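Notes for the one structure printed next.
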Amino acid sequence: RPAIQAVRSQFLALSGPAGIRVRLLESDRVALPFTYTSTCPVNVPPPELGASGDLECLRYCLAHEWSHVERRDARAWNVATLAGLGLFYQPLYWWLRRQLRLCQDYLADDRAASVGSREDYAAYLVRLTRNRNQASRAALPALGIHDRPSTLSRRVAMLVSDRRPLDHRCPRTWSVAAVVATALATHVTS
């Protein structure tokens, strides 16, 4: 069902006019927030966030999920998954895939922490993880929350310990080097 107006208003305050294209839904079967993309982006926060009146947690949740939509993380994840059809045997692929997920969450966490305190957002992530154990009704895993405990530890450490600003774009030299390395690897194997 569509999310309540209070949730929609908070989301549009965070996302601005670009957020109008995102469908906000809620379901009683969802305990953890998630975003997916079919023909248009869909954000599904847990209904408890809107009903409880905890604006801080709602803003953290919406900002994190909006960051995934804004950067088109689902598209990158789908490409990585398709690449797995041909690279499933390659251990480096699985490591890179895990790093992609972690980096997507780092950037989304950085965005979410910007709407409040970094420490409060880190505490929110820990609460989400604890609630996950109590809420076994979650039908779909949230990015990063159902991952290894060490992943959550790394995300929390990034928020509270690391004060260096994150690069939100890949440096051009790294991009060029990746394209050249891929071209060489493809040429050598063919």
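The values are calculated or read from the model by the stated rules, or taken from the named source; none is laboratory data. Worth saying up front: this structure is predicted, and the values here are computed from it rather than measured. Positions of Cβ are backbone-derived with ideal geometry, glycine not excepted, and every protein chain shown enters the neighbour counts. Just so you know, the surface numbers come from the protein's heavy atoms only, side chains and all, with ligands and any DNA or RNA stripped out. Shrake-Rupley method; radii C 1.70, N 1.55, O 1.52, S 1.80 Å.
Yes or no: Val179 part of a helix (DSSP H, G or I), at pLDDT below 80 and β-branched (Val, Ile, Thr)? In short, yes.
The set of residues from region 1-41 being without any contact (Cβ under 8 Å) to a residue 60 or more places away in the chain, out of contact with any helix residue (DSSP H, G or I) (no Cβ under 7 Å at 6 or more places or on another chain) and assigned to a strand (DSSP E or B) comprises Pro2, Arg23, Leu25. Selection of region 13-39 for residues being open to solvent by 60 Å² or more (accessible area, probe 1.4 Å) and within 18 Å of Glu56 (Cα to Cα) yields only Ala13. The set of residues in region 86-111 being part of a helix (DSSP H, G or I) and open to solvent by 50 Å² or more (accessible area, probe 1.4 Å) consists of Leu87, Pro91, Leu92, Trp94, Trp95, Leu96, Arg97, Arg98, Leu100, Arg101, Cys103, Arg111.
Contact annotation: residue pairs with Cβ atoms under 7 Å, 6 or more positions apart or on different chains, pairing a residue in region 99-114 that is more than 14 Å from Glu65 (Cβ to Cβ) and modelled with pLDDT of 85 or more with a partner that is polar (S, T, N, Q) and open to solvent by less than 30 Å² (accessible area, probe 1.4 Å), are Leu102/Thr151. Given the structure, is Glu56 surrounded by 15 or more Cβ atoms within 10 Å (Cβ to Cβ), of a type in the set (D, E, K, R) and either outside any loop (DSSP other than H, G, I, E, B) or in contact with a Cys (Cβ under 6 Å, 6 or more places away or on another chain) (or both)? It is false that Glu56 is surrounded by 15 or more Cβ atoms within 10 Å (Cβ to Cβ), of a type in the set (D, E, K, R) and either outside any loop (DSSP other than H, G, I, E, B) or in contact with a Cys (Cβ under 6 Å, 6 or more places away or on another chain) (or both). Take Arg75 and decide whether it is touching a Gly at 6+ places or on another chain (Cβ under 7 Å), touching a residue at least 24 places away in the same chain (Cβ under 8 Å) and assigned to a helix (DSSP H, G or I). So Arg75 does not fit the description; no. In the set (1) over 16 Å from Arg155 (Cβ atoms); (2) surrounded by 14 or more Cβ atoms within 10 Å (Cβ to Cβ), the condition left unmet by Ala63 is number (1). Checking each residue in region 137-176 for being touching a helix residue (DSSP H, G or I) at 6+ places or on another chain (Cβ under 8 Å), at pLDDT 75 or above and either open to solvent by 100 Å² or more (accessible area, probe 1.4 Å) or closer than 16 Å to Ala123 by Cβ (or both) picks out Leu152, Arg154, Arg155, Val156, Met158, Leu159, Val160.
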